[in-house]
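The structure appears below as structure tokens.
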Amino acid sequence: MDTPRRVEHQQTDRGYVPVYATGTVEQPWAAYSKTDHEVWDTLYRRQRELLPSYACQEFLDGLERFGMGDGGIPRFDDLNEVLGEATGWQIVAVEGLLPDEVFFDHLAHRRFPVSWWIRKPDQLDYLTEPDLFHDLFGHVPLLLNPVFADYMQAYGKGGMKAHAIGPEALMNLTRLYWYTVEFGLIRTAQGLRIYGAGIVSSKGESIYAIDSAAPNRVGFDLRRVMNTRYRIDSYQQTYFVIDDFGQLFDATGPDFTPIYAELANAVPTGAATVLATDDVFQEGTREGFVGGDDN
Ligand code: PHE
Ligand code: CO
């Protein structure tokens with residue numbers, strides 16, 4: 001396959017990474033190699049086998065409804081028929097990470113950008129930029145859930161507003177995305193389950209986020225999350241737990257402008273810290289935590 005066209009490097013929540021051409025492209029489905037399809041199949045099977053006891057039911061239901069499977073990389077057009085009908089979202093193929101405003105504009109219009117290219121066989125467990133497996137398998141199933149679908153659109157609109165306010169507001173909002181959309185946990189009758197895309201698309205972190213004694217697991221609180229640093233170089237040190245998607249949608253409904261103003265004067269909470277005010281599900285042993293700067 002062609003190498004995606006890199007237009008510049010930018011400091012993002014994933015570190016210093018290339019930002020690609022910003023337009024959307026047609027998914028070049030016919031050009032995927034046998035190896036590309038095999039990478040999808042391998043990752044799909046591995047997660048499909050693991051996730052029934054780790055991911056939330058809404059995520060698992062989404063996978064089923066799309067009919068995703070290990071028959072090669074899905075065609076975006078097929079998924080879009082199901083998605084459009086269910087919640088009015090569409091996925092669009094992109095070269096890779098987008099500038100913030102472009103990304104927010106897509107979300108605000110119920111379009112979810114998905115990288116068209118997939119990782120190589122030697123990158124099954126780790127890669128530094130989101131690829132098709134992360135974007136599609138991780139993010140898209142929950143877009144079939146009406147409440148989560150509305151939350152994602154509201155986030156896009158909020159992103160445009162935060163972008164206009166300034167970089168600190170944007171950082172507060174990025175932390176919210178990080179600790180919910182990417183690394184969120186949800187409380188269920190079966191115990192804590194995963195809904196975050198960064199976790200469900202990673203075998204190692206799926207097991208770690210639920211089973212390990214090391215990380216902290218604390219109840220979701222909007223200001224707390226927006227003021228908490230995060231790590232991009234290791235599994236998360238703290239996970240935030242929601243009761244259900246309604247809680248997330250309702251908590252993020254009010255105008256954030258006063259929260260941004262308040263947090264501009266607050267000392268951020270470290271990624272590994274548990275506060276006296278936290279609703280603690282589990283205080284982690286912190287075993288294996290890396291030190292040094294978090295974001
Ligand atoms: N209510 C937020 C604001 O005023 C918008 C938002 C909604 C942000 C949902 C994130 C998630 O900026
Ligand atoms: Co992601």
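The values are calculated or read from the model by the stated rules, or taken from the named source; none is laboratory data. The structure displayed is predicted, hence computed values, not measured ones. A quick note on method: Cβ atoms are made from the backbone with ideal geometry, for glycine too, and the neighbour counts reach across all protein chains shown.
Where strands (runs of 3 or more DSSP E) fall entirely within the range 204-295, those with at least 1 residues that are within 16 Å of ligand 1 (Cβ to nearest atom) and either of a type outside the set (Ser, Thr, Tyr) or in contact (Cβ under 8 Å) with a residue 60 or more places away in the chain (or both) are at 238-242. Among the residues of the range 114-136, is there at least one that is within 16 Å of ligand 1 (Cβ to nearest atom) and of a type outside the set (D, E, K, R)? Scanning the range 114-136, I find no residue that is within 16 Å of ligand 1 (Cβ to nearest atom) and of a type outside the set (D, E, K, R), so the answer is no. Does the range 201-215 contain any residue that is farther than 26 Å from residue 137 by Cα, modelled with pLDDT of 95 or more and of a type outside the set (Val, Ile, Thr)? Yes, there is a match, as at least one residue in the range 201-215 is farther than 26 Å from residue 137 by Cα, modelled with pLDDT of 95 or more and of a type outside the set (Val, Ile, Thr). For the range 190-203, filtered to residues that are within 16 Å of the chain's Cα centre (by Cα) and either more than 16 Å from ligand 1 (Cβ to nearest atom) or in a strand (DSSP E or B) (or both), the residue that is surrounded by the most Cβ atoms within 10 Å (Cβ to Cβ) is 200. Per the listing 127, 142, the residue uniquely without any contact (Cβ under 8 Å) to a residue 60 or more places away in the chain, of a type outside the set (Gly, Ala, Ser) and either within 14 Å of ligand 2 (Cβ to nearest atom) or surrounded by fewer than 21 Cβ atoms within 10 Å (Cβ to Cβ) (or both) is 127. A single entry from 235, 208 fulfils the requirement of being within 25 Å of residue 128 (Cβ to Cβ), within 21 Å of the chain's Cα centre (by Cα) and surrounded by 19 or more Cβ atoms within 10 Å (Cβ to Cβ): 235.
Of all residues in the range 156-169, those that are under 20 Å from residue 181 (Cα atoms) have Cβ atoms under 8 Å from Cβ atoms of residues that are within 8 Å of ligand 1 (Cβ to nearest atom) and among the small types (Gly, Ala, Ser), 6 or more apart or on another chain, in 169/162.
The single residue among 230, 235 that is within 16 Å of ligand 2 (Cβ to nearest atom) and more than 28 Å from residue 150 (Cβ to Cβ) turns out to be 235.
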